[in-house]
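See below for the structure under consideration.
The values are calculated or read from the model by the stated rules, or taken from the named source; none is laboratory data. What you see is a predicted model, and the numbers here were worked out from it, not measured in a lab. FYI the Cβ positions are ideal-geometry reconstructions off the backbone, even for glycines, and counts take in every protein chain you see.
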Amino acid sequence: MRKFGLIGYPLSHSFSKKYFTDKFEAEGIEAEYLNFPIESLEELDDIIRSEPELVGLNVTIPYKTSIIPLLSNVAPCALSIQSVNTICIEHVGNSWNLKGANTDVIGFKESIYPHVKVHNQALILGTGGVAKAAFHVLEDFGLECKSVSRSPDDGDFTYDDLVPEDVWEHSIIVNCTPIGMFPDVNDTPNIPYESITPEHVLFDMIYNPVETVFLKNGRIRGATTINGLQMLERQAEESWKIWNMG
């Protein structure tokens, strides 16, 4: 039986296992999806060695970028943004080759596209792998994007730098951080929410809870709000295509 799985740490928030388990059952697919919560990528070889039927992996926080040096081949888009969330495993005798791709890009692109206008400017909260995917998509749409980070060395703004005018000027705001994710559902990125208007679009990569405090703060001010569920479903299906193409 073919096996697939997810690597990352922690995995208590994982969407993928239930999604693929339900998919396999509903479609009569003989396959299994496993979670591999690993504290270091040094554990990856042991997992692949101990699971000879493992042919595909999803990758989540914190390994989307750090896994790239372990791959024998990386798709151009994933290489460009330096973020991989899907891996194909080709077993060759007692060894294996790993090929990496990124499906966050297509998932985010299809979710945000109906809400993008050419004059929009965007704030991307966070600078990790999924933030790089969001940046790539919105810049391809022709938007000017700025990133927000806790560290002055990583983004265009720090959270302490942001003033109300910055939020007002950037009518698309994308939360690419885990802030507000279950179980820390009362947390929210520290931005000047008072500047959000009905012209804003707030997109949260988080899907659990369905409405984060970040999205609620947008909704009560009339903004369009979107959670990450549609994006996750779309990127999961794209992963499935990649695994079946090899």
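Please enumerate the residues belonging to the range 35-60 that are in contact (Cβ under 8 Å) with a residue 24 or more places away in the chain, outside any helix (DSSP H, G or I) and more than 15 Å from Trp243 (Cα to Cα). Within the range 35-60, Asn35, Phe36, Pro37, Ile38, Glu39, Glu51, Pro52, Thr60 meet the criteria.
Yes/no matrix, rows are residues, columns are (1) within 27 Å of Phe157 (Cα to Cα); (2) assigned by TED's automatic domain parsing to the domain that holds Leu44:
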| position | (1), (2) |
| --- | --- |
| Gln82 | yes, yes |
| Val92 | no, yes |
| Trp96 | no, yes |
| Phe141 | yes, no |
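Within 20 Å of the chain's Cα centre (by Cα), surrounded by fewer than 22 Cβ atoms within 10 Å (Cβ to Cβ) and at pLDDT below 95 - does that describe any residue in the range 92-109? No, the range 92-109 contains no residue that is within 20 Å of the chain's Cα centre (by Cα), surrounded by fewer than 22 Cβ atoms within 10 Å (Cβ to Cβ) and at pLDDT below 95.
The rows are residues; the columns are (1) closer than 21 Å to Trp240 by Cα; (2) in contact with a Lys or Arg (Cβ under 9 Å, 6 or more places away or on another chain); (3) assigned to a helix (DSSP H, G or I).
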| site | (1), (2), (3) |
| --- | --- |
| Pro62 | no, no, no |
| Val84 | yes, yes, no |
| Ile87 | yes, yes, no |
| Tyr113 | no, no, yes |
| Val118 | no, no, no |
| Val130 | yes, yes, yes |
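Among the residues of the range 199-246, those that are within 14 Å of Tyr19 (Cβ to Cβ), in contact (Cβ under 8 Å) with a residue 12 or more places away in the chain and not aromatic (Phe, Trp, Tyr) comprise Asn208, Gly228, Leu229, Gln230, Met231, Leu232, Glu233, Arg234, Gln235, Ala236, Glu238, Ser239. Number of residues in the range 64-82 that are in a helix (DSSP H, G or I) and touching a Gly at 6+ places or on another chain (Cβ under 9 Å): the value is 5.
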